[in-house]
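I have placed the structure first, in the form of structure tokens, so that the comments after it can refer back to it.
The values are calculated or read from the model by the stated rules, or taken from the named source; none is laboratory data. Note that this is a predicted model, so its numbers are computed, not measured. Cβ placement follows ideal geometry from the backbone for every residue including glycine, while neighbour counts extend to all protein chains displayed. Side chains included, ligands, DNA and RNA excluded: accessible areas come from the protein's heavy atoms. Shrake-Rupley method; radii C 1.70, N 1.55, O 1.52, S 1.80 Å.
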Amino acid sequence: PACCWRDKRWRVRRVTPRVSRPATQPWWFPQNLRPLGRGGSNGTTLYFGPDGTLLGRHRKLKPTGSERLIWGEGDGSTLTVIPTPFGMLGGLICWENYMPLARAAMYEKGVTLYVAPTADARDSWQATLQHIACEGRCFVFGANQYVTRRDYPEDLVSTRELTDAPDELCRGGSAILNPLGQYVAGPLYHREGLLVATLDLTQIEESRFDFDVTGHYARPDVFTLWVNETSQHNVVSHSNEENGGQSVAHKRMPDRSSGC
């Protein structure tokens, strides 16, 4: 949803993206969502099956900079990887990809189709995408937005702040890279567009012959990563109800598996 401050209250305008995709392929897109039964909202990646079924979601672990004024933090329960006919689909959001341990957790889950949505249009972000592809020996899909001033609604309270801004606010930079960090499509700058590429999936195994970050190049005798994938709750209450002599824990605001 897109939010704006108007008439002394927050106005929420729900945006439904129009997505074109082959009927046999899974698809994904980033969105800002509020978990069911909870306040606040999270930067979230949603994964959908070919029939539109929600297969999973990932909530951003750490909002970046001023994002913390609005969005909350995710937890390890949504470090999601989705099995598909083409490989394991998963990824991280924007500057989460600068968190080495988060990347390591995704590699250990066997991700081969790595999605990395962002709002970073700098050249350094392209280096990040190349690094992830080479490090994880996976295909990387970098999706960025192309935004101009006219894309903002006129009734947005801060529209006047854009008066002196350039017409092009975000130049884009979407790209698809192979497991050796080479561009298969893009980067796409200065216009809207749809990147389409044919992927040679044999490159995944071939590229891991000389480097496999969680295989023969791992050193678990030296380095070990512990990942907490339990859903975190602010309030957990305990009672001594009869349950075979065991204490029963009641979690407040439980995670809704069907929610976002």
Might you let me know whether region 93-100 holds any residue that is farther than 25 Å from residue 183 by Cβ, part of a helix (DSSP H, G or I), open to solvent by 20 Å² or more (accessible area, probe 1.4 Å) and not acidic (Asp, Glu)? no
Can you pull out every residue in region 122-160 that is assigned to a loop (DSSP other than H, G, I, E, B) and open to solvent by 20 Å² or more (accessible area, probe 1.4 Å)? 122, 137, 143, 145, 152, 153, 154, 155, 156, 157, 158
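Of the residues 49, 39, which single one is modelled with pLDDT under 90 and open to solvent by less than 10 Å² (accessible area, probe 1.4 Å)? Reasoning before the result, please.
Working: 39 fails: open to solvent by less than 10 Å² (accessible area, probe 1.4 Å).
Among 49, 39, only 49 is modelled with pLDDT under 90 and open to solvent by less than 10 Å² (accessible area, probe 1.4 Å).
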Among the residues of region 54-88, write down those that are touching a Cys at 6+ places or on another chain (Cβ under 9 Å) and basic (Lys, Arg). 57, 59, 60
Looking at (1) polar (S, T, N, Q); (2) over 27 Å from residue 194 (Cβ atoms); (3) not in a helix (DSSP H, G or I), find the lone condition where residue 45 falls short. (2)
Being farther than 22 Å from residue 86 by Cβ, at pLDDT below 95 and outside any loop (DSSP other than H, G, I, E, B), is that true of even one residue in region 188-206? no
Every residue from region 231-240 that is loosely packed, with under 10 Cβ neighbours inside 10 Å, assigned to a loop (DSSP other than H, G, I, E, B) and not hydrophobic (A, V, I, L, M, F, W, C): 234, 240
Of all residues in region 205-219 being over 9 Å from residue 137 (Cβ atoms) and among the aromatic types (Phe, Trp, Tyr), the one that is least open to solvent (accessible area, probe 1.4 Å): 217
Inside region 52-92, can you point out the residues that are in a helix (DSSP H, G or I) and either buried (at least 19 other Cβ atoms within 10 Å of the Cβ) or without any contact (Cβ under 8 Å) to a residue 12 or more places away in the chain (or both)? 65, 66, 68, 69, 78
Only one residue in 86, 141 is modelled with pLDDT under 95 and within 26 Å of residue 49 (Cα to Cα), so which one is that? 86
